[in-house]
Amino acid sequence: MNFLDAKSAPPREDRLHASIAFGGKCAQVRTCERALANGCTNLSARSFSMAQGCQFTLSLAILNTLRNAVVIMHGPIGCGICSTGNIGTNKSFKQIRDPSAEGLIWLSTNLDESDVINGGEKKLQEAVIFADREFRPDTIIVCNSCVPALIGDDIDSIIQELQQECAAIIMPVHCEGFKTKLMATAYDAVYHGILKKYIRRPDLKIPIWESDVDKFRETYKRSRNVNILNVGSMSRADEVELCRLLEALGLNVTFIPCYAEPEDFQYALETSLNVSICGTHDDYFVGHLEEKYNIPFVVDTIPIGRKNTDRWIRKIAAHFDLQTQADRLIEAENVVLSEALEPFRKVLSGKRAYLAGGEVRILATAEILQDLGMEVVGFKAHHYDKFAEPIFDALENIDEVQFSVATNQPFEMSNIINRLKPDLLITHTGGNNIAARHGLPLLPLFGPTYNYCGYSGVFEVARRLNKIMRNFEFNRQISLNSPLPFKKEWYEKDPFAYIKYDK
Ligand code: SF4
């Protein structure tokens, strides 16, 4: 893998052969030849499609978290307006790391019809100069939307010229929405910018001979430093839990990229191992760091659910030859957790659940449900690629469970919920409008202030499920007063009627 000579990251349709449209069973999506690379669902589509996000907006999920940064959205004012939705949590989460941190600062170049004719370069130049003079940030991030890409604004050249005049590091992120139907390409777009602009060998504070640089690298390779690649859907409580577990093994933990400062990336190379929380999020970044700087990585499961957490810890421990210590830690944690879960099993056992969201996250969360004696009746994944595979290993009797692939597409999900009639929904935060109108108890798949990761995350999910199963009157009232927006004829149709597998 080396795409860094290119202006931008390739779409995931090409790089990972990922799919965004599928309807069937878990066994089929895992094994059938349609599922991946050869003769695959890779280019499957819909003859009718409803509400889908774009990689520009998902890029902001990481970019908006960076501290000491100004984000310039180069495009019409509507692109990225979703950022207003997380201004509050964004500021407080930054201040958890650094009490003096500013909240989110973002500007839009506000391109209009005349800019489409005359070009938007002048507006971008003015915005960058304004950001540098007004806010004095460490970095200015320029993310471009569809319009400048279509009209051919030469963003890289502008940034190169402006860099001479600005104190801030200016980072371009090419994340125009039309380039891909796979929103998760956003992660590659962001990491592409980070790899090119922020990652560099650290400025050494002590003099070092050129011939000693390799020895210096070796020191870090043998160290116990670990980079954990956090994701925008993690809370600080998740980070505290993962830090607790790895520090118990004697490791030193650093979290990047979310809520990091640009300077933190300079030290990203002073590590022995890069550890992914979620392959869908990180493989582009850690793959390049291995190829370019020879730093090994772990991309395997996500530490959500006890079996997944056990496996994640063991993978990391193996790199440091700490297997015995890891086994002892895992055993002790599991004893405490089993006892703590017992009261919740009485309420939750036998309940039927449906999960929707990112492939890695829904499958891992299903492990918690099975642990509690619940039945998983269906999944809807935003997309499907090879990173789901290790997470399936933690699930039991899953082959016949329904699995669909759809980025949003609430009409399909509503039809499926109506057929499967689960007792409980666990769905992606931000997409729960339609789900809630079914009147069922609903747990958000992630929440910016809740703990989902590690052993404490299993307990916390169980505790919250127990609470919402006892009282979901709010959603029941929504279903009574705000009916579903689809005609009854739709519910008589096959939910996958609009999926086309032919290329
Ligand atoms: S698809 Fe293009 S125009 Fe629409 S929000 Fe995304 S970047 Fe903007």
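Under the condition of being of a type in the set (Val, Ile, Thr) and under 15 Å from PHE56 (Cβ atoms), the residues counted in the stretch 148-163 number 1.
Among all residue pairs at least 6 apart or on different chains, which show Cβ distances below 8 Å where the first residue, located in the stretch 47-59, is within 17 Å of GLU176 (Cα to Cα) and the second is within 9 Å of the ligand (Cβ to nearest atom) and modelled with pLDDT under 90? Close Cβ pairs satisfying both conditions: PHE56/GLY80; THR57/GLY80; THR57/CYS82. Look at (1) more than 19 Å from PRO448 (Cα to Cα); (2) not in a helix (DSSP H, G or I) and you find that ALA260 fails only one, number (1). Return yes or no: is ILE316 in contact (Cβ under 8 Å) with a residue 40 or more places away in the chain, buried (at least 19 other Cβ atoms within 10 Å of the Cβ) and not polar (S, T, N, Q)? The answer is yes for ILE316.
The set of residues in the stretch 61-98 being part of a loop (DSSP other than H, G, I, E, B), under 19 Å from the mean Cα position of the chain (by Cα) and within 16 Å of the ligand (Cβ to nearest atom) consists of ASN64, GLY80.
Check the stretch 384-394 and report whether any residue there is assigned by TED's automatic domain parsing to the domain that holds LEU465, over 20 Å from the mean Cα position of the chain (by Cα), farther than 17 Å from PRO495 by Cα and not in a strand (DSSP E or B). Checked the stretch 384-394: at least one residue is assigned by TED's automatic domain parsing to the domain that holds LEU465, over 20 Å from the mean Cα position of the chain (by Cα), farther than 17 Å from PRO495 by Cα and not in a strand (DSSP E or B). Cβ-Cβ contacts under 9 Å between residues 6 or more apart (or on different chains), taken from a first residue in the stretch 132-154 that is assigned to a helix (DSSP H, G or I) to a second residue that is basic (Lys, Arg), are listed as CYS146/LYS179; ALA149/LYS179. Checking each residue in the stretch 2-24 for being surrounded by fewer than 17 Cβ atoms within 10 Å (Cβ to Cβ) and among the charged types (D, E, K, R) picks out ASP5, LYS7, ASP14.
Being surrounded by fewer than 15 Cβ atoms within 10 Å (Cβ to Cβ) and at pLDDT 85 or above holds for only one residue in ARG244, ARG236, and it is ARG244. Only residues that are of a type outside the set (Ser, Thr, Tyr), at pLDDT below 95 and in contact with a Phe, Trp or Tyr (Cβ under 8 Å, 6 or more places away or on another chain) were counted across the stretch 68-95, and they come to 4. Sort through LEU107, LEU111 and tell me the only one that's part of a strand (DSSP E or B), touching a residue at least 12 places away in the same chain (Cβ under 8 Å) and within 16 Å of the ligand (Cβ to nearest atom). That would be LEU107, the only listed residue that is part of a strand (DSSP E or B), touching a residue at least 12 places away in the same chain (Cβ under 8 Å) and within 16 Å of the ligand (Cβ to nearest atom).
Scanning the stretch 39-60 for residues that are buried (at least 21 other Cβ atoms within 10 Å of the Cβ) and either within 26 Å of LYS197 (Cα to Cα) or near the ligand (Cβ under 10 Å from one of its atoms) (or both) turns up CYS54, GLN55, PHE56, LEU58, SER59, LEU60.
Filtering the stretch 408-432 to residues that are more than 21 Å from VAL461 (Cα to Cα) and of a type in the set (S, T, N, Q) leaves ASN408, GLN409, SER414, ASN415, ASN418. On the basis of being part of a loop (DSSP other than H, G, I, E, B), within 16 Å of the ligand (Cβ to nearest atom) and under 27 Å from GLY53 (Cα atoms), does LEU182 make the cut? So LEU182 passes the test. Residues considered: VAL173, VAL142. Of these, the only one that is crowded, with 23+ Cβ neighbours inside 10 Å, among the aliphatic types (A, V, I, L, M), within 16 Å of the ligand (Cβ to nearest atom) and within 30 Å of ALA21 (Cα to Cα) is VAL173.
Applying the condition of being buried (at least 18 other Cβ atoms within 10 Å of the Cβ) and among the hydrophobic types (A, V, I, L, M, F, W, C) to the stretch 121-139 and asking which residue is nearest to THR65 (Cα to Cα) yields ALA131. Counting only helices (runs of 4 or more DSSP H) that fall entirely inside the stretch 433-503 and contain at least 3 residues that are in contact (Cβ under 8 Å) with a residue 24 or more places away in the chain, the qualifying elements are 454-470, 473-481.
Mind checking which residues of the stretch 424-437 are surrounded by 17 or more Cβ atoms within 10 Å (Cβ to Cβ) and touching a Pro at 6+ places or on another chain (Cβ under 9 Å)? Of everything in the stretch 424-437, those that are surrounded by 17 or more Cβ atoms within 10 Å (Cβ to Cβ) and touching a Pro at 6+ places or on another chain (Cβ under 9 Å) turn out to be LEU424, LEU425, ILE426, THR427, HIS428, GLY431, ASN432, ILE434, ALA435, ARG437.
The values are calculated or read from the model by the stated rules, or taken from the named source; none is laboratory data. As the structure is a computational prediction, the values presented were derived from the model and not from experiment. Cβ: placed from backbone, ideal geometry, glycine included. Neighbour counts: every protein chain shown.
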